[in-house]
Structures are given as C-alpha cells and as structure tokens.
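Beneath this line is the structure, given in structure tokens, with notes to follow.
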Amino acid sequence: MSNTLIEKVINAGTASGSGLGYGGTSVTGAQGTTANTGTGLLYPDQANRFIDYMWDATILAKAARTIRMRSNTTEIDKVSVGQRLLRAATEANPTDYTSLSGLNQDAQFSKVSLTTTKLRLDWELSSESLEDNIEGAALEDHIARLMATQAGNDIEDVLINGSVAGGVTGINMFNGWITQAKAGTSAVQGYNGSTVVSNGGYGISSKTFNKALSKMPRKYKQRRNELRFFAGSNLSQDYLFNLTGTNATPYDISSGIIRGDVAANNGGPGSVTPFAFGVPVISVPLMDETQLGTGYSAAGMNSATHGDLVLTFPQNFIVGIKRDVTVFREFKAKKDTVEYTLFIRVGCAIENLEAVVVVKDIKQGGATND
C-alpha cells in the first residue's frame, strides 16, 4: 500500500470528481485556507485496498473467509449428503431397489444468511496540529493509517465477542462468532448445532483440549489437519506455562512431544503455540478472557477471569463486508478543526455450526484438572 493511503482516502475529493469523492464544496477555514467537504465514497478497487489494510493487523478476521458483498444481505448455499448411505446389493435382485423403504437418499440443502450492520468511526484534527506538526501534510495520511488499523481491531473485536444482549458499548452492534456458537446448540434444517461444554472453572490443560476433540463429530476429524484451536493470549500463555511445569520437563522436550517437529513460535499475536494432540493452537489476543464463571464451589471460580477455547476450521468463520466504504471530511469553522467520519457495513456468520466446539469457563491461571 502506498504512502498516500489509497490516494489520500481522507480527502473528500473535488467537484470535478478528480478525488475520491465528488460533488463537494469549498469552505474557507479560519487560517485562510480552503478545505473540501463532501462525500468520500471510495471506488471499488480503493475500497478493497482499504479493507485489506484494515485486516493487516487482525488475527481471526484475517484467517476467516471474507465475502465482499454488493448488497447489505446475502445468502450462502449449503449442501450435505449425510453419511452411511451405502447398502449391500445382490445381483439380479430388483427388490434391492423396489422393496427397501427410504433407500434413495436426498441431498440436504440449506442457506446461511449474512446481514451487515452499519458501523461508524469519527475523528478530528485541529488546524494547529495540521500546521505545526513535523510531518506537515503527511499527518493526515498518518492519522488515517492509525484509524484504519484501529477500525480493523474494533471490527475484529465485535466479530469475535459481539453480543447484542450483552449491552457492552462497542460490541453490542451484532452477535459475534462466540455468541453465535454458544447459542447455536440446537439442530437446524437437518444439521446438528454446535457443541458447548464447560471446563468447570479449571485452568487450561491437556484435558481441556481433549474435551474439545472428543466432542468434535468424527466426520470432521477426517480433516484433522485443517482444524485449529483458538484461545485468548492469556490462556495460550497459561498452556505454555503448564507445559514447561509438567513434571519439570524442559520446554523443548515437552513441546516437541506434543506438537511434533515444527518451526518454533515467534511469540507474536496470532502465532502458533505448541500443538494440542497435533492440532495447532492459535493465540487470538482479542478473545474475551474477562467472563464471569459461575456455579463453582471453589474460591475465586466466580471471578470475571474466564475465557473460551474454540475448535473449528478457520474458513468456517465468515465475514461479510459491503464494498461501499465512505469517508467524509468536513471543516468546522467554529471549532477550527477538520472532522472525519468513516462508515462501513460489516456482518458475520458461521457456515457450519456442527463443526464448532466451544469449551467455556476456563480460568486464567487457575489450577488444572490434570
């Protein structure tokens, strides 16, 4: 991405249409300069680049399947043929076809609905900051980059932890993947729902991962090499710590046994920590680890220090983004500032809830159940 950030995404353009927007007007600021004001609708290729830049700093959103939508709502078709469909056949015996009830099998069709929600990001710069900073005119580009990164982080936060019923400002716009997974435990249109089990308020350990794998339907274990565990950064660190402390086994030996001969993890966000029974564990810093664990008799089990472990295929997570990204730029003479407003439409869904296992009530730093 060039230093001009999509040809200065924050500029609203000119009346001639030479900028990112068009149809704008000129306003004379307090410093005697002229600022453009108007729509900042990005062209499709510019919107795609802006979306790509937002995703650069994310972890789970970048691993998920992104659908760039042309409308606010879309539907994704699903098809399934079930299992154990083969039957024994006898030569020259038509009764195999005519007398066995329900022999013919049908494919099961269903749809995943994906609806976007309109989100907004506001920021402003004073005339003094634009005049006196050491970057000069490049400050606008710099701030826009920071805001694009923050927008990506905030969007990933709501994609993961969003809960309309939770009422927490910033993540109550729509239900994120964790909320959908925990709520989708019932069978829908012939498909089984997700599986949610409790870790009992204990800390993360090999038993936690074993519990998740044992609940995953066996037909998905045939693609075991594509499965991934997702956990918050603190729980991932707890797992590393527990590995090093198990029977005083050195880290290199214990990790080699559990994860196999793979490259060492670099410690960064989204990096792979030691495998759990051959399945990579991905550290996702924005996964909520401040949940309230309840119903346990042990002291401290009801504290807000619990998180989740999710087992699924990364492409099972779907992100929908409406391509029309708009940025407005307006000079406010009374405040002597330039205001910027970004709008984008985002939504998320889980394609196959049956292939999702959530282990909840995992306590940070808690005693393990090994």
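No lab work stands behind these numbers, since they all come straight from the coordinates. Keep in mind that this is a model prediction, so the values were computed, not measured. Cβ: placed from backbone, ideal geometry, glycine included. Neighbour counts: every protein chain shown.
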Gyration tensor verdict on the range 150-194 (Cα atoms; rounded if a/c is under 1.5, prolate if a/b is larger than b/c, oblate otherwise): prolate
Footprinting exposure proxy for GLU140, GLU131 (fewest neighbouring C-beta atoms within 10 Å first): GLU131, GLU140
Alpha carbon convex hull of the range 104-229, volume per residue in cubic angstrom: 228 Å³
q = 0.16, 0.32 Å⁻¹, the range 325-370: log10 I(q)/I(0) [Debye, one scatterer per Cα]: -0.71, -1.13
Placed amide H near ILE67: partners under 5 Å, 5+ positions off or other chain: VAL319, GLY320, ILE321
Sequence-distant lysines (8 or more away, or on other chains) whose Cα lies within less than 25 Å of LYS322: LYS8, LYS62, LYS78, LYS111, LYS118
